[in-house]
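I have placed the structure first, in the form of structure tokens, so that the comments after it can refer back to it.
Any read-out appearing in this document is the output of simple, stated calculations on the displayed coordinates, not a laboratory observation. Values in this document were obtained by computation on a predicted structure and should not be read as measured data. Using ideal geometry, Cβ is built from the backbone for each residue, glycine included, and neighbour counts are taken over all protein chains shown.
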Number of protein chains: 2
Amino acid sequence: MAIADEIKIANGRFVECFRRRDAGGIAALYASGAKLLPPRSDFVLGEPSIRSFWQSVMDAGIEDAALETLELETHGDTTVEVGTYVMHAGGKVADRGKYIVIWKNEKGAWKLHRDMWNSSVAK
Amino acid sequence: MAIADEIKIANGRFVECFRRRDAGGIAALYASGAKLLPPRSDFVLGEPSIRSFWQSVMDAGIEDAALETLELETHGDTTVEVGTYVMHAGGKVADRGKYIVIWKNEKGAWKLHRDMWNSSVAK
């Protein structure tokens, strides 16, 4: 399968987990040693903290997410993705922004290794 | 020279330009086709827009910046950097956060290709 398709499937799983409020399922998409770089937060390290982070986002009312890949560049076991996201709460757009994900191929599966985003909405 | 040293020198130039309010000097550190991914803004593309962006940051009172590299990973002509920044205004910390820079080697020189950051300060 083309790497772009594999990344698309992984991003689809992320969104599916989000919709069914499965923070553990999201955390399982991350590589060992993964780090989140969320806005207004320090680095988030380790599976329990990554799971808690996404749980807190769901608890804050975010109930759906959409991801669009704009760029993918693969170097061996590493893929750099640049994309845009939209977060929904109460059926409305709660935030839209952009992200960079550094993916790592772990035992044949592409996993999120570094995950950074920020809002594109002006203050 | 080791790539880590070359990136350190490039980051040092970024900071020097900042201190002397040289937005054109900062813009010249970016690769052709570079994109900024700033918080609360859409993508910023092209040398004139990148220069204007950094000029506006300086005009907003940011007068010094410090960059610390935490991770560097090179794949051919591409280096992924993860680091932290501190921005100063009026002699005080105005913001501190983290960044991912995707560097590209252009004709032997490492240039910023994708530059994303966000604040680590809680709202």
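The stretch between residue B:15 and residue B:42 holds 7.4 nm of extra length on full extension. This uses 0.36 nm per residue minus the Cα-Cα distance.
Are there trypsin sites (Lys or Arg not before Pro) in region A:1-81 that DSSP marks as loop and that have at most 12 other Cβ atoms within 10 Å, and which are they? Loop-located and lightly packed - A:20. Close lysine pairs were tallied over chain B: pairs 8 or more places apart or on different chains with Cα atoms under 29 Å apart number 16. Remark: label point of residue A:75 defined 7 Å out from Cα along the Cα-Cβ vector; separations to the same position in other copies 0.7 nm, ascending. Around the amide H of residue A:30, modelled in the peptide plane, lie the amide H atoms of A:112, all under 5 Å away and 5 or more residues distant in sequence or on another chain.
Please identify which residues in region B:92-120 have an amide N closer than 20 Å to a label point set 7 Å out from the Cα of residue B:8, following the Cα→Cβ vector. Hits in region B:92-120 for residue B:8 at 20 Å: B:99-105, B:109-112. All Cα-Cα separations within region A:1-103 were binned at 5 Å from zero, giving a P(r) of 3, 12, 21, 27, 23, 11, 3, 1, 0, each value a whole percent of the pairs.
With contacts taken as Cα pairs under 8 Å at a separation of at least 6 residues, region A:1-61 carries a relative contact order of 27 percent.
Restricting attention to chain A, close to 90% of DSSP beta bridges with both partner residues there are antiparallel. How far, in degrees from 0 to 90, does helix B:3-19 lean away from the longest principal axis of the Cα atoms of chain B, to the nearest 10? So the inclination is approximately 30 degrees. Chain A residue nearest the axis that carries A onto B, by Cβ, with distance in whole Å, is A:75, 2. Converting phi to 3J(HN,Hα) with the Karplus coefficients 6.51, -1.76 and 1.60 and the offset θ = phi - 60°, region B:107-119 yields 6, x, 10, 7, 10, 6, 10, 10, 9, 10, 8, 7, 6 Hz in sequence order, with x at every glycine or proline. Between the helical axis of A:47-59 and the longest alpha-carbon principal axis of chain A there is an angle of about 30 degrees. For residue B:64, inter-copy separations between label points set 7 Å beyond Cα along the Cβ vector come to 4.9 nm, shortest first.
Its Cα centre serving as origin, region A:10-123 has a Cβ charge dipole (Lys and Arg +1, Asp and Glu -1) of approximately 200 debye. Sorted from shortest to longest, the distances between the residue B:40 label points of this copy and the other copies are 1.2 nm, with each point 7 Å from Cα along the line through the beta carbon.
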